[in-house]
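Below: the structure, in structure tokens.
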Amino acid sequence: MNRLKLKKVSFKSWYKNQLTRSQKIFFFAFIVNAISVLLVFHGLFALLFKGRDGLLSLDKFTNQTNILIFFFSLFYVFFPRHSFLKNNKFLIACITYIFITFFVYNLVSIANAVAVIVAPKSILAWSYTRIGYGSKATAFLLFIDLFKHLFNPIVFIVCGFFKFVYDPNLKLKKFSSYLLPMMIYPAIYCVYAIVTPFIYKQENGMTYSVYNVATNTKDHPQFAYPVVFFLLFVLIPVTTYLTWFGARKISKKYEQNQVVINPQN
């Protein structure tokens, strides 16, 4: 009993005295992000259990970004002086990537749902039961989808901007120094999405595409290529700029809150 009590007090003391206000906020994000990672691996193991290729889960941008933000929260809460966190590049990248996950998936889901009502014979209406929330066969799968595409991204984005309220960065570098490194991962991912339909097939022999028609450059190039290039050369840069701009504005507004993270943490 005494040992259990000692551990509880120790955690409380660590949380209260060792963490800054922004780290305390991200401790909540860390828990939420960890749950999302568990849900990602649930999907992976479900595929493997059925004898299917685990790549069908791991190559999804949603799953990769949900794992990525978990690692940011982990480092920021437990290893706040790590070089990964320098100049907030990791944070701005994570906010950008997870926003893309949130924005694109929810936009597609809403568009599909509206199309079912206003244009039932359109390709968007056809996609309703294949892409987005409407494609989930059970309540649990819908919960997983909502958690990874809605709840987890919103929690991280909100916590990410609150970080600049309680721990402002007054030395953010110019926009280009953030954009260029952040384009590397999306560029590699887009190359993967483009070439995959040409080299990988499903078990039934049909073309495999990471995101169905949207990335099927082999069978639907007239649609897939514009989508991929729009995401890479428009949505990613614009979102990165808005994230960087927001971080800079918030940091300047709350510069009086600037703190030094406890070196013993």
Regarding the stretch 36-48, can at least one residue be identified that is surrounded by fewer than 22 Cβ atoms within 10 Å (Cβ to Cβ), at pLDDT 90 or above, among the small types (Gly, Ala, Ser) and under 24 Å from THR138 (Cβ atoms)? yes
Hey, PRO221 within 22 Å of LEU68 (Cα to Cα), out of contact with any Lys or Arg (no Cβ under 9 Å at 6 or more places or on another chain) and either free of Cβ contacts under 8 Å to residues at least 12 places away in the same chain or not aromatic (Phe, Trp, Tyr) (or both) or not: no
Are any of the residues in the stretch 91-109 surrounded by 14 or more Cβ atoms within 10 Å (Cβ to Cβ), free of Cβ contacts under 8 Å to residues at least 60 places away in the same chain and farther than 19 Å from TYR133 by Cα? no
Please identify the pairs in which a residue from the stretch 237-250 that is β-branched (Val, Ile, Thr) has its Cβ atom under 7 Å from the Cβ atom of a residue that is not in a helix (DSSP H, G or I), counting only partners at least 6 apart or on another chain. ILE250/PRO168
Restricting to the stretch 160-192, name every residue that is assigned to a loop (DSSP other than H, G, I, E, B) and in contact (Cβ under 8 Å) with a residue 60 or more places away in the chain. ASP167, PRO168, ASN169, LEU170, LYS171, LEU172, LYS173
Hits in the stretch 116-159 - residues which are surrounded by 13 or more Cβ atoms within 10 Å (Cβ to Cβ), at pLDDT below 85 and not in a loop (DSSP other than H, G, I, E, B): VAL116, LEU124, ALA125, TRP126, SER127, GLY134, SER135
Does the stretch 196-225 hold any residues that are in a helix (DSSP H, G or I) and under 15 Å from VAL108 (Cβ atoms), and which are they? ASN212, VAL213, ALA214, THR215, PHE223, ALA224
Quick check on the stretch 182-191: of everything there that is out of contact with any helix residue (DSSP H, G or I) (no Cβ under 6 Å at 6 or more places or on another chain) and surrounded by 13 or more Cβ atoms within 10 Å (Cβ to Cβ), which residue is nearest to VAL238 (Cα to Cα)? MET183
Would you call PHE151 within 17 Å of the chain's Cα centre (by Cα) and in contact (Cβ under 8 Å) with a residue 24 or more places away in the chain? yes
Of all the residues that make up the stretch 164-209, how many are closer than 28 Å to LYS50 by Cβ, within 21 Å of the chain's Cα centre (by Cα) and of a type in the set (A, V, I, L, M, F, W, C)? 2
In the set PHE84, PHE75, which member is modelled with pLDDT of 95 or more and of a type in the set (A, V, I, L, M, F, W, C)? PHE75
For residues that are touching a residue at least 24 places away in the same chain (Cβ under 8 Å) and in a helix (DSSP H, G or I), tally how many sit in the stretch 8-48. 20
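Would you mention how many residues in the stretch 106-153 are among the charged types (D, E, K, R) and within 27 Å of PHE28 (Cα to Cα)?
We begin by selecting, within the stretch 106-153, every residue among the charged types (D, E, K, R); these are 121, 130, 136, 145, 148.
Filter once more, keeping what is within 27 Å of PHE28 (Cα to Cα): 145, 148.
Within the stretch 106-153, residues that are among the charged types (D, E, K, R) and within 27 Å of PHE28 (Cα to Cα) number 2.
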Output the number of residues of the stretch 49-63 satisfying the condition of being part of a helix (DSSP H, G or I), surrounded by 14 or more Cβ atoms within 10 Å (Cβ to Cβ) and either over 14 Å from the mean Cα position of the chain (by Cα) or touching a residue at least 24 places away in the same chain (Cβ under 8 Å) (or both). 6
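The values are calculated or read from the model by the stated rules, or taken from the named source; none is laboratory data. This one's a predicted model, so the numbers in the text were calculated from it and none came from an experiment. Cβ: placed from backbone, ideal geometry, glycine included. Neighbour counts: every protein chain shown.
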